[in-house]
Amino acid sequence: MESIGARRSEGFEKARFTVERRDDEESTRLILHGELDLGGQATLRDALLQAERSGAPLVVVLDQLISLDSAGIGELLQSCRRARRGGRRFTVTPGTENVRRVLWISGALGELSDERRPSDPMDPVPALHAAP
């Protein structure tokens, strides 16, 4: 288990975001903790790029994430697209109710899950997969 780090940018003192990395034989898991906003965008980008370089299937765990904004959504979508182009598996877990709602409202849920947009963001969603 490796903690990627926490960043606090000026103006974002209250927002705390960390990424925990776990590698096993089958995948690399990035477990996102806290509030992901513009202040944590660079931390997420660095963690995603580092994990992608391993070449292993990537699982992004959103279950410990309190909130996210467009900066975090953009990084997740870019990583998902890079994985597809490279023929690698990219998976995100459903996350908390708030996170699922934001992903659904933004339209990102469908792309991250590689499925049609669900009719209700509060429906239980199995792990969301982006197929290569």
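Things to note:
- FRET efficiency for the Asp24 to Thr96 pair, using the beta carbon distance and R₀ = 30 Å, is estimated at 0.80.
- Highest average first, the peptides 31-42, 60-71 ordered by how many other beta carbon atoms sit within 10 Å of their residues are 31-42, 60-71.
- Net charge of neighbours whose Cβ lies under 11 Å from the Cβ of Leu68, counting Lys and Arg as +1 and Asp and Glu as -1: -2
Every read-out reported here was derived from the displayed coordinates using simple, explicitly stated rules and does not represent laboratory data. Just so you know, these numbers come straight off a predicted model, no measurement behind them. Note: ideal-geometry Cβ built from the backbone for every residue, glycine included; neighbour counts use all protein chains shown.
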